[in-house]
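See below for the structure under consideration.
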2 protein chains.
Amino acid sequence: MKKFEEKTIVKEVLYEGKIINLQIETVTLPNGKTSKREIIKHPGAVCVIALTEENKLIMVEQYRKALERSVLEIPAGKLEPGEEPIITAARELEEETGYGSENLVHLISFYTSPGFADELVHVYVAKNLYKIENARGADEDEFVELQELTLEEAEKCVADQRIFDAKTAYAVQYIRLQQLMHKYKTEIQ
Amino acid sequence: MKKFEEKTIVKEVLYEGKIINLQIETVTLPNGKTSKREIIKHPGAVCVIALTEENKLIMVEQYRKALERSVLEIPAGKLEPGEEPIITAARELEEETGYGSENLVHLISFYTSPGFADELVHVYVAKNLYKIENARGADEDEFVELQELTLEEAEKCVADQRIFDAKTAYAVQYIRLQQLMHKYKTEIQ
C-alpha cells in the first residue's frame with residue numbers, strides 16, 4: 001500500500017512532549033512538486049468494550065481538556081513504551097474501572113486521525129468480568145467516574161452527545177450489531 | 001458536562017500551521033495540583049458514507065504521510081473557516097469522487113482523539129447519487145483513487161487493514177447494521 005507515496009526530503013521535529021511529538025515533513029508529491037505535512041506522533045492507545053453480567057456497557061466519565069468538557073468514553077489509555085496492547089488494555093480496565101476480565105479479545109485496530117496523526121487505537125472486548133480487590137487506581141492526574149449503561153442508555157448518550165468520540169460511538173454500534181445478530185441468530189460470513 | 005473541570009492557568013501556543021495548531025496549557029486539576037495538557041487545535045472535518053445504486057460503498061485510496069502508507073477511506077476533508085459541514089460534505093464528495101447527492105443527511109459527529117485533539121468529524125450519509133459533469137477535482141496536492149466496494153468487500157478490507165481508520169470502520173459497521181435491520185425489518189427504538 002504505497003500508491004501515491006510521498007517521499008520525505010526534510011524532517012523537522014518542532015516539539016517533543018509527554019504524549020505527542022510534532023514534526024513537519026517536506027515531501028515530494030506524485031506529480032514531482034513539494035508540499036509540507038504536519039504530523040503528530042503518538043505512542044498509540046487501547047480501549048476496552050466491557051460488558052457486565054447484566055449486559056451493561058462500562059463507561060468512564062472524564063474531563064477532556066482538548067474539548068473543554070467532560071464526556072463518557074469506554075475505558076482507554078495510551079501504550080507505555082514497548083508494552084503489548086493487551087497488557088495496556090488489562091491495566092487500563094483495572095485502573096479505570098476496578099474490573100478484570102477472564103476473556104480479553106482483540107476486536108479491531110484503527111487510526112483515529114490519519115490526516116495528521118499516527119495514533120493507532122487497539123480495541124478489545126472484555127467478557128467474564130470480575131471485581132479486582134484492591135485494584136490499582138487511576139494515574140495521579142486522572143479523574144474518572146465509572147458508569148454502567150444499558151445499550152439503550154448508551155444510544156441515548158450518543159444522541160445527546162454525552163458520548164461524543166469515535167471509539168465509543170464505534171463500541172455502541174458494535175454492541176447493537178452483536179445484539180441483533182444474536183437475536184436473529186445470524187452471523188457475518 | 002463540566003465534571004472534573006481543569007482550569008487553564010497558562011496557555012502557550014507553540015505552533016500555528018496550515019491544518020493544526022499546537023498549544024500547551026497548564027491546568028489546575030480537581031485535587032488542586034497543576035498539570036500540563038498538550039492540545040492540537042484542528043478546524044474539524046466531514047466524511048461521507050455514500051452508496052451507489054448497486055449498494056456499493058464509495059471509497060478513496062490515498063497516501064497518508066502520518067501512516068507512511070496508503071489506505072482506503074470514505075470521502076472526507078476538513079472544514080474551511082466558517083463553512084457549514086454539509087457544504088463541506090457535498091464539496092468533498094464532488095471533488096474526491098465526482099458524485100453529487102440528492103439526499104445528504106447528517107448521521108453523527110464525533111471527536112477522533114479526545115485525549116489530545118479537538119478534531120470533530122461530522123459524518124453524513126449520501127443517497128440518490130448522480131454523476132456530476134465536469135466535477136471539481138481534488139486539491140492540487142491531493143491524489144486519490146476512487147473505488148466502489150460491496151459491503152462484503154469492505155468488511156474484508158477492514159480485516160486486511162486496507163481500511164484502517166476509525167471513521168471508515170464506523171461506516172462499514174453502520175452499513176452492516178442497516179442491512180441487518182432492513183433484512184429483519186427491525187428498527188432501533
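The values are calculated or read from the model by the stated rules, or taken from the named source; none is laboratory data. In this text, all values refer to a predicted model and were calculated from it rather than measured experimentally. Every residue, glycine among them, receives a Cβ derived from its backbone with ideal geometry; neighbour counts consider all protein chains shown. Just so you know, the surface numbers come from the protein's heavy atoms only, side chains and all, with ligands and any DNA or RNA stripped out. Shrake-Rupley method; radii C 1.70, N 1.55, O 1.52, S 1.80 Å.
At-a-glance table
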read-out	value
Chain A - charge dipole about Cα centre, Lys and Arg +1 at Cβ, Asp and Glu -1, debye rounded to 20	1020
Scattering curve values for chain B, log₁₀ I(q)/I(0), Debye with Cα scatterers, q = 0.09 Å⁻¹	-0.41
Flagged links, alpha-carbon separation over 21 Å, of A:Lys7/A:Lys41; B:Lys7/B:Lys36; A:Lys18/B:Lys7; A:Lys183/B:Lys156; A:Lys127/A:Lys183; A:Lys11/A:Lys41	A:Lys183/B:Lys156
Computed E for A:Asp160/A:Glu133 - FRET, C-beta separation, R0 35 angstrom, nearest 0.05	0.50
By accessible area with a 1.4 Å probe, ligands and nucleic acids excluded, highest first: order of B:Glu84, A:Glu153	B:Glu84, A:Glu153
Theoretical FRET efficiency, 1/(1+(r/R0)^6), r = Cβ-Cβ of A:Ser35 and B:Thr28, R0 41 Å, to 0.05	0.55
Residues B:Ile86 and A:Arg91, FRET efficiency given R0 of 25 Å [Cβ-Cβ distance, rounded to 0.05]	0.05
Region A:61-133, relative contact order in percent, only Cα pairs under 8 angstrom and at least six apart counted	24
Lysines with Cα under 16 Å of A:Lys2, excluding same-chain neighbours fewer than 8 positions away	B:Lys65
Cα-based Kirkwood hydrodynamic radius, the protein assembly as shown, one decimal, Å	21.6
Choice from B:Val46, B:Val121, B:Val71 showing the highest fluctuation, given a GNM over chain B with Cα pairs closer than 10 Å	B:Val71
Most fluctuating residue given options A:Lys167, A:Lys11, A:Lys156, as computed from a GNM of chain A linking Cα atoms under 10 Å	A:Lys11
Of B:Asn55, B:Asn134, B:Asn21, the one that fluctuates the most in a GNM where chain B has Cα springs shorter than 10 Å	B:Asn134
Label 7 Å beyond Cα on the Cβ vector: A:Ile9 copy-to-copy distances, nm	4.4
Length-normalised contact order for chain B - Cα pairs under 8 Å, 6+ apart - percent	20
Computed over region B:50-92, Kirkwood Rh from alpha-carbon pairs, angstrom	12.1
Shielding score for A:166-174, defined as the mean number of other chain Cβ atoms within 10 Å	6
